[in-house]
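Report on the structure given below.
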Amino acid sequence: MFDTHPIQDNDQPLQLPPQGRQTWLVTGASAGIGLAVCQILHAAGHDVTGFGRRQAQDLPAGFPDIAYHTADLATSQGCDLLAERAPRRLDRALLNAGLGHYRPLCRETPQAINDVLAVNLLAPIMAAHGLFGALQAGQGVLGLVGSVAYRGAAGMPVYAASKAGLDGFGRSLRSEWQGRVDVRVIHPGPTATGMAMRAGLTSPLAQRMMLPVDAVAAGVIAAMQGQGRMRQRISFGALLRHKITGRAA
Amino acid sequence: MRALITGGSDGLGAAVVRQLTQAGAQIWIIDKSAPQTNPSLRFLPCDLAQPDDIASLPAKVQQAGPFDLVVMSAGINAVGPFEAMPLTTIRNLHAINCAAPILLAQHLLAQDMIAAGGRLIFIASVSHFTGYPGASVYAGGKDALVAFARSLRRPLWADQRITVQVATPGPMRTAHAARYAPPGSTGRGRACPDRIARAILRSKRRAVIVPGVAARMMALFGRLFPVQATQAMRKTLYERLP
């Protein structure tokens with residue numbers, strides 16, 4: 001289940017002053033938004049621990065030189081492993097791992113429903129539970145990556161439910177943890193990732209409507225910094241606003 | 001009318017059963033324990049924390065269906081600081097409040113157990129509008145049901161003429177509410193479950209039913225001032241936890 005990832009790459013991380021260097025934990029690090037987040041953070045000189053479903057040898061080329069652990073967050077063992085391997089002190093934890101299918105309920109299977117709810121909702125809840133001590137020690141920020149589908153989406157009811165659950169959990173937890181750990185829920189719009197492809201969003205129009213993954217990753221990182229609201233959406237409008245004003249979405 | 005009520009042995013579910021009995025409906029109850037008051041009701045024991053138990057349900061009610069009304073009322077709660085909550089409690093909350101109604105809906109719809117013209121009602125919570133510090137996992141599970149119901153509503157009406165609704169009741173005079181109220185709470189201001197059940201059953205069109213005056217006021221406050229509403233919930237509940 002567990003592997004550290006010793007890939008060497010040549011671009012040395014920027015040397016940040018100690019007070020600018022942050023300790024991050026990112027789930028869903030092996031692909032999609034999580035991978036792009038890890039690349040950006042590593043290039044900026046932050047200390048990143050990534051978790052993902054893929055084995056270390058199956059990681060994509062260009063995977064950054066960060067600590068990486070394989071963990072299947074659909075299982076309770078995977079959630080336990082996350083809490084065990086996490087740094088003892090965290091500035092930022094980004095619970096980003098997610099999966100989903102673009103299909104109506106009549107084409108869902110009980111197993112797929114269980115998996116989506118387990119990975120998208122139960123796993124981040126368990127991870128938040130396990131990471132509380134480390135986040136409190138670092139007076140850190142917990143980021144839950146949701147989706148704009150959290151308000152309901154006819155084409156993906158189970159996925160929408162899981163992300164709404166995350167939103168409701170984060171809203172109440174933010175109040176519980178106020179003054180100790182800053183909890184935020186970040187809702188990206190449809191993003192051009194492997195998940196979107198696997199979810200069935202493959203038409204040319206759908207492709208054109210989707211947000212570029214690097215821009216979304218930068219938006220997610222910006223949403224984790226500074227004073228932030230509880231709920232932050234990442235859309236074309238928000239990305240544009242961020243470009244113009246330099247402020248988070 | 002044929003009705004299937006989960007959590008029909010107790011609390012709001014039992015109140016729904018009482019209303020439907022008066023209206024002369026044929027009722028099937030799914031719950032962990034049998035109803036105390038009226039042993040003549042048809043009762044199917046089921047542990048909704050077990051996906052296999054849920055999967056076996058449609059076969060057991062095959063003869064009874066299709067149903068004109070399905071109410072997903074079964075639910076549990078647990079209050080306390082999230083970081084101190086036992087992991088088994090968190091798993092149970094997730095399984096019973098969130099996964100079970102979604103899985104059961106999928107099973108029932110896949111086997112055409114809900115009649116055309118019928119209603120499928122999920123029971124969420126007014127915490128959807130206010131947040132619920134001290135019961136974050138519960139609040140998350142209930143919000144998942146609201147989004148699930150919203151997502152199903154249009155396609156199920158278009159394809160099968162089934163009306164999907166979600167109700168968000170506030171605190172009621174039930175054993176459930178009394179168990180999770182902060183210590184010293186008098187129970188004043190809690191609604192009578194029978195009135196809430198009546199309000200839900202009467203509201204045949206709305207996507208989101210906010211039953212009762214207290215819940216409507218809480219929902220309005222939460223809609224207008226979301227941050228202050230969560231803060232108020234924190235004061236009345238979370239900060240009074242033992």
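The values are calculated or read from the model by the stated rules, or taken from the named source; none is laboratory data. Quick caveat, the model's predicted, so the values are computed rather than measured. A quick note on method: Cβ atoms are made from the backbone with ideal geometry, for glycine too, and the neighbour counts reach across all protein chains shown. Only protein heavy atoms, including side chains, enter the accessible area calculation; ligands, DNA and RNA are left aside. Shrake-Rupley method; radii C 1.70, N 1.55, O 1.52, S 1.80 Å.
Sort all Cα-Cα distances of the protein assembly as shown into consecutive 20 angstrom bins from zero, then give the percent of pairs in each bin up to the one containing the longest distance.
It works out to 24, 55, 20, 1, in whole percents.
Which one, A:20, A:78, A:194, has the greatest fluctuation when you compute a Gaussian network model over chain A with C-alpha springs under 10 angstrom?
Result for chain A, Cα springs under 10 Å: A:20 fluctuates most.
Which of the lysines could a cross-linker bridge to residue B:32, judged by Cα under 25 Å and excluding same-chain residues fewer than eight apart?
Counting by Cα, and skipping residues close in sequence, residue B:32 has these lysines nearby: B:60, B:142.
Ignoring ligands, DNA and RNA, what accessible area per residue does the range B:10-104 give at 1.4 Å, in Å²?
Heavy-atom accessible area per residue stands at 42 Å².
By how many degrees, 0 to 90 and rounded to 10, does the Cα axis of helix B:193-202 deviate from the longest principal axis of chain B?
Helix B:193-202 sits roughly 50 degrees off the main axis of chain B.
Under a 1.4 Å probe, what is the accessible area of the range B:132-242 per residue, stated in Å²?
Working: 5710 Å² over 111 residues.
In whole numbers, the range B:132-242 has 51 Å² accessible per residue.
Taking the Cβ of residue A:141 as the centre, find all other residues whose Cβ is under 12 Å away and add up their charges (Lys, Arg: +1; Asp, Glu: -1).
Residues close to residue A:141 contribute a combined charge of +2.
Counting heavy atoms of the protein chains only and a 1.4 Å probe, report the per residue accessible area for the range A:27-245 as a whole number of Å².
37
Going by the alpha-carbon gyration tensor, a ≥ b ≥ c the square roots of its eigenvalues, is the range A:124-249 rounded (a/c under 1.5) or, if a/c is not under 1.5, prolate (a/b greater than b/c) versus oblate? Display every interim value, and only then the final one.
Numbers: a/c = 2.26, a/b = 1.43, b/c = 1.58.
Oblate, because a/c is 1.5 or more while a/b does not exceed b/c.
Name the residue, out of A:83, A:71, A:153, whose mean-square fluctuation peaks in a Gaussian network model built on chain A with Cα pairs under 10 Å.
Of A:83, A:71, A:153, the Gaussian network model singles out A:153 as fluctuating most.
How big is the dipole moment of the protein assembly as shown about its Cα centre under a simple scheme where the beta carbon of each Lys and Arg is +1, that of each Asp and Glu is -1, and everything else is neutral? Debye, nearest 20, please.
So the dipole magnitude of the protein assembly as shown works out to roughly 2280 debye.
Measure off 7 Å from each Cα along the Cα-to-Cβ vector at residue B:217 and residue B:110, then give the distance between these two points in nanometres to one decimal.
Output for this residue pair reads 4.5 nm.
Set the Förster distance to 22 Å, then compute FRET efficiency between residue B:64 and residue A:111 from the Cβ-Cβ distance, nearest 0.05.
0.25
Restricting to Cα atoms and excluding each atom paired with itself, what does the Kirkwood estimate give for the range B:93-242 in Å?
That comes to 16.3 Å for the range B:93-242.
Averaged over its residues, how many other protein chain Cβ atoms are within 10 Å of peptide A:150-160's Cβ atoms?
Across the residues of A:150-160, the mean count of other-chain Cβ atoms within 10 Å is 6.
Excluding ligands and nucleic acids, what accessible area in Å² is computed for residue B:83 using a 1.4 Å probe, to the nearest 10?
For residue B:83, solvent-accessible area is about 40 Å².
With Cβ to Cβ distances under 15 Å as the rule, what net charge do the other residues near residue B:38 carry (K, R +1; D, E -1)?
With Lys, Arg at +1 and Asp, Glu at -1, the neighbours total -1.
Rank-order B:187-199, B:98-110 by packing density, defined as the average count of other C-beta atoms within 10 Å over each peptide's residues, highest first.
B:98-110, B:187-199
Please sort B:158-165, B:129-136 by packing, taking for each peptide the average over its residues of neighbouring beta carbons within 10 angstrom, highest first.
B:129-136, B:158-165
Which residues, if any, in the range B:123-151 have at least 30 Å² less accessible area in the whole protein complex than in the isolated chain, probe 1.4 Å?
B:136, B:140, B:143, B:144, B:147, B:148, B:151
If packing is taken as the mean number of other Cβ atoms within 10 Å per residue, what is the order of B:56-64, B:22-30, A:140-148, highest first?
By packing density, highest mean first, the sequence is A:140-148, B:22-30, B:56-64.
Give the interface area between chains B and A as buried accessible surface, both sides summed, probe 1.4 Å, in Å² to the nearest 100. Before the final figure, lay out each step's value.
On the way: alone 12030 and 12150 Å², together 20980 Å².
The B and A chains share an interface burying roughly 3200 Å².
So, with a 1.4 angstrom probe, what is the percent of accessible area on the protein assembly as shown that is carbon and sulfur?
53
Average partner chain C-beta neighbours within 10 Å, per residue of A:209-222?
Per residue, the number of nearby Cβ atoms from other chains is 0 on average.
What's the average, rounded to a whole number, of partner chain beta-carbon atoms within 10 Å of each residue's beta-carbon in B:91-104?
Details: counts 4, 0, 2, 8, 3, 0, 1, 7, 11, 0, 1, 11, 6, 1.
So the per-residue partner count for this stretch is 4.
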